[in-house]
Amino acid sequence: MQTQRVALQPAHVLHQRDYRDSSRIVELFCPDHGRLSVVARGVRGARKSAAGRAALLQAFRPLLVSFSGRAEMKTLTAVEAGGPVVTLRGDRLYSALYLNELLVRLLHRHDPHPELYALYIDSLQQLADTEVLDLVLRSFEYQLLEALGYGFDLASDGMIGEPLREDGWYNFHAEHGLVEQRFAQSGVPAFSGADLLALQRQEFSPAVRDTAKRLMREALSGHLGERPLHSRSLFQNALRRSGATPS
């Protein structure tokens, strides 16, 4: 197998963990290489060079990375800043960590998604700038599913192709998307046609925002599996410590 060498590829860090004595395994997201794992050697320790390199490898900072290797896991050979870090605190930080976790859990390795990379950068900036964080998250979730081939139409019945009815009620099916509910079933979420059509028109009343949250949670659950999202647990624990009620 030929050694792959890539130089100065735009990237963001999605996750990292310690590896051996002085290294880390870093999950990167690149426009032309998708999600990939690299070994960053010599980034843990007392040396000034290690501290400087480790400081660059932080989430939400645009990077330019170089890597090489024959195996699936590459070796990071160089890294430099590709722009200023996006400053995120509190709810904004937890929301951004949620985006990172979705990408780690749902993206296949080495599957390029340049349009999704652009969406990710834009979403981070929106989280930093807006007060309405949930709308940024819902938009990202919906477009992520679309990019991965799991998208669905918000305005039509996925089973029969007819437009949604304002007075109808709909269930989400992983295979078809939104399908009209024939009879109520315990434990199966149902969504108001009026709310779904308002969501499609981007008319975000409190009821529509709640519908969007429940719908996207249902749409993502089949792809995420049963393992809980770590970022969601962090957020809920932070809310409990502050005395607020988790959403």
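The values are calculated or read from the model by the stated rules, or taken from the named source; none is laboratory data. Bear in mind the structure is a predicted one, so any value in this text is a computation, not a measurement. Cβ: placed from backbone, ideal geometry, glycine included. Neighbour counts: every protein chain shown.
One table, with the values for the structure above:
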{"read-out": "Cross-chain or 6+ apart pairs with Cβ under 6 Å, region 182-209 first and at pLDDT 95 or above, then among the small types (Gly, Ala, Ser)", "value": "Gly193/Gly168; Asp195/Ala207; Leu199/Ala212; Gln200/Ala155; Val208/Ala198"}
{"read-out": "Gly158 vs. criteria closer than 30 Å to Pro112 by Cα and free of Cβ contacts under 8 Å to residues at least 40 places away in the same chain", "value": "yes"}
{"read-out": "Residues of region 50-106 classified as farther than 17 Å from Arg5 by Cα and among the acidic types (Asp, Glu), total", "value": "2"}
{"read-out": "Candidate set: region 135-189, residues that are assigned to a strand (DSSP E or B) and among the aliphatic types (A, V, I, L, M); chosen: the one farthest from Pro31 (Cα to Cα)", "value": "Val179"}
{"read-out": "Given (1) modelled with pLDDT under 95; (2) among the small types (Gly, Ala, Ser); (3) at positive phi, number of the condition Gly161 does not satisfy", "value": "(1)"}
{"read-out": "Filter result for the condition that a residue is surrounded by 12 or more Cβ atoms within 10 Å (Cβ to Cβ) and within 24 Å of the chain's Cα centre (by Cα), over Arg232, Arg165", "value": "Arg232"}
{"read-out": "Candidate set: region 107-132, residues that are part of a loop (DSSP other than H, G, I, E, B) and of a type in the set (Asp, Glu); chosen: the one farthest from Gln4 (Cα to Cα)", "value": "Glu131"}
{"read-out": "Qualifying residue in region 118-129 (condition: in contact (Cβ under 8 Å) with a residue 40 or more places away in the chain, exposed (fewer than 14 other Cβ atoms within 10 Å of the Cβ) and within 14 Å of the chain's Cα centre (by Cα))", "value": "yes"}
{"read-out": "Strands (runs of 3 or more DSSP E) wholly inside region 1-105 containing at least 3 residues that are aliphatic (A, V, I, L, M), surrounded by 14 or more Cβ atoms within 10 Å (Cβ to Cβ) and not assigned by TED's automatic domain parsing to the domain that holds Asn237", "value": "4-19, 23-30, 34-40, 63-69"}
